[in-house]
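First up is the structure itself, then whatever we jot down about it.
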Amino acid sequence: MSFIRFVKSNLLQIVDSAGLNAPILNSPWRKRRLAVICWHGVSNDDEHRWDPGLFMRPEALRMRLGQLRALKCNVLPLAEGLARARSGSLPPRAVCLTVDDGDSSFHLLAWPMLREFGFPATLYWTTYYSTHPYAVFDPMLSYLLWKGRQSTLALSDPGLRCDLRDPGERRRAFTALYEFARDNAWTGQRKEAFLAELARLIGVDYARIKSRRVLHMISPAEARSMVAEGLDLQLHTHRHRVPRNPDLFAAELAENSRILREVGAKAPAHFCYPSGSYLAEFADWLRESRVESATTCQFGLVERDSNPYFLPRLMDNGTSSTAEFRGGLSGIAALLSRRHGVPRHGFA
Ligand SMILES: [Zn+2]
């Protein structure tokens, strides 16, 4: 944990213990603002132990939903929340729930829980791996190296020898293999075959991982059934990337949108930047593709005059405490965070 995060976390603990979150959450100041929560995956197995920044335990998500209910948050569909933030007609304690990517755990665990609580939610779905039977390559590569952390990896092509007990060595192995796959333009099929072979070499049961659907995406049939049950499916690009060329950018959106509409999403018009990466010119490109809003991974609450193409969210994951979550909902955490403008150059 960074020093700033440590200080902020302690301040939020003090605020929460002093009972200050409730009056702020109920204040006229907060009523003019909308909290858009960002979640990623829920663990199908032990993913939260591998990457707690991306995965949380199912019980942790259930606890969050319980906290939203206990605090009497008004959970709104995303489009309604954004429209009411703009028109100044938000109810008190307004919240929207968004989940990024479309990991299989969304269908297996998160969506049933959201339905049980009666909360509307938006899934920003990236579609490439949903239309193929493969594990998502980059995270699965990292996950397998972590699972095999008692082993030594010895490969001949590419030539590589790493003691996987050492996290630094695991990172070195990941980078070498990721770059090797990229430089040799491996297809999805080639990548999947390599993952199975890697697992075998380091003594990890890949069949079990696949049967639990760890780091696999929801299928189009699952997406369709959730849309029929009321899920709001929105854009996250087809291949989880934002090309810096307007034509390639539009093509990523168009393919993503085509698959969303194929499974029943009516007219996807809301977007989330993959990996939170954005440039100022993306606003025009999104407008040209008839996209009405875009969320980032910048921390904060949506205000009436927030730029609709660079909306802040509250990132929540397996590393956040209850005090941090409640401080995010009340708005205190955003006040303690540094303000970010829209970047003119480079990726955020
Ligand atoms: Zn994403």
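The values are calculated or read from the model by the stated rules, or taken from the named source; none is laboratory data. If you're wondering where the values come from, they're calculated on a predicted model, not measured in any experiment. Glycine also receives a Cβ, built like all others from the backbone with ideal geometry; neighbour counts cover every protein chain displayed. The protein model used for the area step is the full one, side chains on, heavy atoms only, and it has no ligands, DNA or RNA in it. Shrake-Rupley method; radii C 1.70, N 1.55, O 1.52, S 1.80 Å.
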Cβ pairs under 6 Å, 6+ apart or interchain, first in the stretch 134-154 and more than 18 Å from Ile218 (Cβ to Cβ), second of a type in the set (Asp, Glu), ordered by first then second residue, are Thr152/Asp163
Given the conditions (1) within 15 Å of the ligand (Cβ to nearest atom); (2) in a helix (DSSP H, G or I); (3) open to solvent by 10 Å² or more (accessible area, probe 1.4 Å), and given that Ala251 satisfies all but one, which numbered condition is not satisfied? (1)
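Of the residues Leu114, Leu123, Leu90, Leu108, which is part of a helix (DSSP H, G or I) and in contact with a helix residue (DSSP H, G or I) (Cβ under 8 Å, 6 or more places away or on another chain)? I'd like the intermediate steps shown before the answer.
Values: Leu123 fails: part of a helix (DSSP H, G or I); Leu90 fails: part of a helix (DSSP H, G or I); Leu108 fails: in contact with a helix residue (DSSP H, G or I) (Cβ under 8 Å, 6 or more places away or on another chain).
Among Leu114, Leu123, Leu90, Leu108, only Leu114 is part of a helix (DSSP H, G or I) and in contact with a helix residue (DSSP H, G or I) (Cβ under 8 Å, 6 or more places away or on another chain).
Looking for whichever is part of a strand (DSSP E or B), open to solvent by 20 Å² or more (accessible area, probe 1.4 Å) and not assigned by TED's automatic domain parsing to the domain that holds Val242 here; the options are Arg149, Arg182, Arg161. Which one fits?
Working: Arg149 fails: part of a strand (DSSP E or B); Arg182 fails: part of a strand (DSSP E or B).
Of the residues listed, the single one that is part of a strand (DSSP E or B), open to solvent by 20 Å² or more (accessible area, probe 1.4 Å) and not assigned by TED's automatic domain parsing to the domain that holds Val242 is Arg161.
Would the stretch 267-275 turn up any residue that is over 21 Å from the mean Cα position of the chain (by Cα) and away from the ligand (no atom under 16 Å from the Cβ)? Spell out how you get there, then give the answer.
Step one: list which residues in the stretch 267-275 are over 21 Å from the mean Cα position of the chain (by Cα), which gives 267.
Then drop every residue that is not away from the ligand (no atom under 16 Å from the Cβ), which leaves 267.
The answer is yes; a qualifying residue exists.
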Suppose the filter is more than 22 Å from Arg261 (Cα to Cα) and outside the structural domain of Val302 (by TED's automatic domain parsing); does Glu169 pass it? yes
Looking only at the stretch 23-43, decide whether some residue is part of a loop (DSSP other than H, G, I, E, B), among the charged types (D, E, K, R) and either surrounded by 13 or more Cβ atoms within 10 Å (Cβ to Cβ) or within 24 Å of the chain's Cα centre (by Cα) (or both). yes
Only one of (1) in a helix (DSSP H, G or I); (2) open to solvent by less than 40 Å² (accessible area, probe 1.4 Å); (3) more than 16 Å from the ligand (Cβ to nearest atom) fails for Asn256. Which number is that? (3)
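From the list Leu90, Leu65, which residue is away from the ligand (no atom under 16 Å from the Cβ) and surrounded by 22 or more Cβ atoms within 10 Å (Cβ to Cβ)?
Working: Leu65 fails: surrounded by 22 or more Cβ atoms within 10 Å (Cβ to Cβ).
Only one candidate qualifies: Leu90.
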